[in-house]
1. Please enumerate, by chain and number, the lysines with C-alpha under 16 Å from the C-alpha of B:K131, excluding those fewer than 8 residues away in the same chain.
2. Run the 1.4 Å probe and let me know the accessible area of A:K227, rounded to the nearest 10 Å².
3. State whether region A:89-190 is rounded, prolate or oblate according to the following rule on the C-alpha gyration tensor (a ≥ b ≥ c being the square roots of its eigenvalues): a/c under 1.5 gives rounded; otherwise a/b larger than b/c gives prolate, and the remaining case gives oblate.
4. Could you tell me the distance between the Cα centroids of region A:284-317 and region B:139-210, to the nearest Å?
5. Which aspartates and glutamates, if any, have their Cα less than 20 Å from the Cα of B:K94, not counting same-chain residues under 8 positions apart?
6. Would you work out if chain B is rounded, prolate or oblate? Take a ≥ b ≥ c from the square roots of the eigenvalues of the alpha-carbon gyration tensor; rounded if a/c is under 1.5, else prolate when a/b is larger than b/c, oblate otherwise.
7. To the nearest 0.05, what FRET efficiency results for B:Q56 and A:T266 with a Förster distance of 25 Å applied to their C-beta separation?
8. Provide the net charge surrounding A:G66, with neighbours chosen by a C-beta distance below 10 Å and charges set as Lys +1, Arg +1, Asp -1, Glu -1.
Amino acid sequence: MSERILSSSAALAEALQEEMRRDETIFILGEDLVSHAGIFGQFKGIPEQFPERIIDTPISETCIAGCGVGAALTGMRPFVDFHFSDFITCGMDEICNQAAKVRYMSGGQVKLPLVVWCPDGGGLRAAAQHSQSLEAWFVHMPGLKVVMPSEPRDVKGLIKAAIRDDNPVMFFQHKKLFAKEGPVPEDDYIIALGQAAVKRQGSDVSLLCYGSGYYLCLEAVEVLKQKQIDAEVVDLRTLKPLDMDTVAASIRKTHRAVTVHEACVTGGFGAELAARIQDELFDELDAPVKRVGAKNVPIPFSPTLEDFVLPSVDDVVEAVRSVTYR
Amino acid sequence: MPDDKKTLMELYRKMVTVRQFETMAGEYFAAGKIPGFIHLSIGQEASSVGVCSCLQPDDYVITTHRGHGHMIAKGADLKRMTAELFGKQTGYCKGKGGSMHIADFSIGILGANGVVAAGLPIISGAGLSIKLRKTDQVAVCFFGDGGANRGPVHEAMNMASIWKLPIIFVVENNQWASTTPVSYSCSVKDLYRRAAGYNMPGQKVDGNDIMAVRKATTQAVARARAGEGPTFIENKTYRIKGHFEGDPQKYRTPEEVKKWQEQKDPIERFSRLLFKKKYLSRKLADQIQAEVAAELKAAVAFAQDSPLPEPEEALTDVYVES
Ligand SMILES: Cc1ncc(C[n+]2csc(CCOP(=O)(O)OP(=O)(O)O)c2C)c(N)n1
């Protein structure tokens, strides 16, 4: 399969164009999309090719999310851009009380093919209302799927799966990763939701990560190599449904696990992973599961503060050393 | 509100201070000294200074992501503001907030906001509290034309009206919400007309004419203090700078900006009035500019000389420690 190097923004734009060409019920809705082709350039080419299917809205998050629900119920496949994941709070009822539950409450009468797309994460000195990682909230909500890719290749394959899914999907991408480049296959491919990927084989510890946490783990792997620790990196890619088989296979090999995400530790997705692991793999473990994440405070503005709060490569290395007793 | 020489000259100085502060912030941002992103209010000084000049120190103001002007107009300290922009320990929020969250609760600022129109429900609470505490305070909420289209605006205005809360809703219609023109996003050309739906007075104001802003605000404040309820003021103005510093601004022409800048600059317009009244001369104007510049220079020096917060300080201020 031949590949070329693309940024995550370009991979997303390409996937959307291909999907929109394939299925004319797909449309994009959100604030300030057309003029700059999305604030991260993520919709490049779409305003020209599909001028009627990328729609600027007023600043009206409640109704943006609501339009997603209503349009999905009536034959369309909306892709709703939430601008910054932080503003999802303004559409919370539509997502959590409506989108997540309509099918169930109606006894399975309807499908709800909706993608809620949310740029998230910190490190841009954007302070507490523009830097959050909120994925765990939605994992907690039955009826929603939750996807959080890291590399451009995964962005493209997973967004296609999310668009084709008949259920509401929360799709989170870290703001700092939009410009990051990586190889992306030329041909049309899909990465099914609920498939983790072992991106580096290792024997001493399983690093269970996703989104920006994946890149922290890659850096940590290099540091750990120097300490003769061979880490396996499992990029979960989808949090719900969770690919527990891949996680389990990795832990059966390494007998140690560290979870890594940017969201704060308390109540984060690492807690769910740790619970599943102790429940299903207790006898396999040679050490307690360690969780790496942000400190339990809102994200502060000043660089010295933000750097301290967000998880670092050192945090990952330290956690690995504690579970490997080295 | 009195319009004597002393008052008007103070207003002029305030407007110049806001303009110079914003200009300074833009320069230091471009030089990489201010982290994150900043939204400047250049061209909107008549609204911020005009509205706040009608308030008492204990009146409340909620501002937005474009809030530096409102802060200064309500009496904020330039040194602590600058230090906050620079992310320093001596800033208003000890470096935790930055541009979008600068606030000084001691002068009645109940917060800036990174979430558009998030101030309106909160101002309802401030208004209700004033009513319950039976004081004669008023509460002002600034928001943008873009913010006007969010749902909470509807809830806040209805509630303020049925309970006759002492609130002044000030929409600064600067024609643009990020890349979106008001002509596209709003169902009406004149936002103040929405006031009718809430059974409250709506006032359309030339938001670049500080005297007009003061007149409208004075009436609204009097009505609020008299227990007669809220007012909706629409200050028509224009955002001269990009939405944020570094905005490529593909959505509008430089000519459009230039037209507002050259024909409707609020400080130029006010100084023409002051010249006519013989309160201001070229020389005095230069002197005021220089005095404000010196004040800002001191603020920048203070910010630059201040230490960054210690990393561990990030863990404080989450909860009240008992
Ligand atoms: C709820 C919410 N939605 C979107 C944004 C992103 N955003 C920040 S400012 C802005 C435009 C605001 O326009 P307006 O209210 O007119 O104020 P102005 O910037 O013109 O002062 C947008 C869309 C946000 N901060 N909060």
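The values are calculated or read from the model by the stated rules, or taken from the named source; none is laboratory data. Here the structure is a predicted model, which means the values were calculated and not measured. Quick reminder, even Gly has a Cβ in these numbers, built from the backbone with ideal geometry, and neighbours come from all protein chains shown. Side chains included, ligands, DNA and RNA excluded: accessible areas come from the protein's heavy atoms. Shrake-Rupley method; radii C 1.70, N 1.55, O 1.52, S 1.80 Å.
1. Qualifying lysines at Cα under 16 Å: B:K164.
2. Solvent-accessible area, nearest 10 Å²: 80 Å².
3. oblate
4. Between the Cα centre of region A:284-317 and that of region B:139-210, the gap is 42 Å.
5. Qualifying aspartates and glutamates at Cα under 20 Å: A:E306, A:D307, B:D77, B:E84, B:D104, B:D305, B:E310, B:E312, B:E313, B:D317, B:E321.
6. Working: a/c = 1.34, a/b = 1.11, b/c = 1.21.
Rounded shape, in that the Cα axes give a/c under 1.5.
7. Taking R0 as 25 Å, the efficiency between B:Q56 and A:T266 is 0.05.
8. Working: positive: none; negative: A:E61, A:D93, A:E94.
Surrounding charge for A:G66 is -3.
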